[in-house]
Amino acid sequence: MAKVEELSISEEDQLRIIEQTGIINKLKQKEKQQQKQKQQQQQQTLFDSDDDEDNDGFNSESENQDSDNADDDDKPLKPLIDLSQPFPLHQNQNNPNNNEEEDLIFNTLLLAIPLTILHSALEYVIHVQYGFSEKYNLTYITTHSLPFFAALFVVMVTTGRVKQRAWMQAGFAVVAAACGVYIIKVSDPTKHEPFGVMIQTAGVSVLWIYSVIQSRLGFSVCGVGVPLFYYWLQGWRDGGSGGGAGSAGKFAL
């Protein structure tokens, strides 16, 4: 048999043959394709797991919603606003007494402030009439108006708590009638009352107004009608016709 001769190829020739055949490039491309396939598989598994979780959550939410709807169907329907038990919007159902007390104090302040201003104005008019206008200064206002406001506030709060009682309404009527008669009597210009007496009419006038305001219609008519009758009666006693001309000539209110 013939002997097979061994081929001796140099390394340079081997590298040249490998480059010409492109074996290395094919191996690199195959590796890249395998890596891409692995990445795609991993992404697909992640998407599948997310979809499963979303489906599970959606199913659980839908089940809960269905159960809630079933419970709501069993319950009776309620109106948006329940008018069966009307109550003020600002009332606290837990403790309504606190709200009543707050309303009383707030209303008292709203009424006490203008009455105090009226009292100060009447005192100023009396000071001017008697020629003591220079004494009516800031010091006088501070020492007289502020204590009057405090005393009026206490009286208004105390009487405001029981003003709906019948005996309190009768008391308002009596106080209003007495104050009105006193003011008419003291204001008689023929008597020339001193300054100390006239200055008291400012507070009495405020008390008269407050008693009439807090009285009901019948009691307030009494609190105003009695002083008017007294005014007419004084004019009739002095010889006026029906009390009109005589009283108008006598009293200069």
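The values are calculated or read from the model by the stated rules, or taken from the named source; none is laboratory data. Keep in mind that this is a model prediction, so the values were computed, not measured. Neighbour counts are summed over all protein chains in view; Cβ atoms, including those assigned to glycine, are modelled from backbone coordinates with ideal geometry. Note: accessible area is taken over every heavy atom of the protein model, side chains too, but ligands, DNA and RNA are not part of it. Shrake-Rupley method; radii C 1.70, N 1.55, O 1.52, S 1.80 Å.
Restricting attention to the range 151-190, which residues are in a helix (DSSP H, G or I), over 29 Å from residue 105 (Cβ atoms) and either open to solvent by 40 Å² or more (accessible area, probe 1.4 Å) or touching a residue at least 40 places away in the same chain (Cβ under 8 Å) (or both)?
Matches in the range 151-190: 181, 182, 183, 184, 185.
State which residue is farthest from residue 156 (Cα to Cα) when the search covers only the range 210-229 and only residues that are open to solvent by 50 Å² or more (accessible area, probe 1.4 Å) and touching a helix residue (DSSP H, G or I) at 6+ places or on another chain (Cβ under 7 Å).
Let us first name the residues in the range 210-229 that are open to solvent by 50 Å² or more (accessible area, probe 1.4 Å), namely 213, 216-219, 221-222, 224, 226, 228-229.
Restricting the remaining residues to those that are touching a helix residue (DSSP H, G or I) at 6+ places or on another chain (Cβ under 7 Å) gives 216, 219, 222, 224, 226.
Values: 216: 16, 219: 18, 222: 20, 224: 20, 226: 23 Å.
Only one residue fits best here, namely 226.
Residue by residue through the range 122-146, note down the ones that are open to solvent by 50 Å² or more (accessible area, probe 1.4 Å) and within 22 Å of residue 210 (Cα to Cα).
122, 124, 125, 141, 144, 146, listed by residue number.
So in the range 164-191, with the set limited to residues that are at pLDDT 90 or above and touching a Leu at 6+ places or on another chain (Cβ under 7 Å), which one is nearest to residue 219 (Cα to Cα)?
Only one residue tops the list, namely 175.
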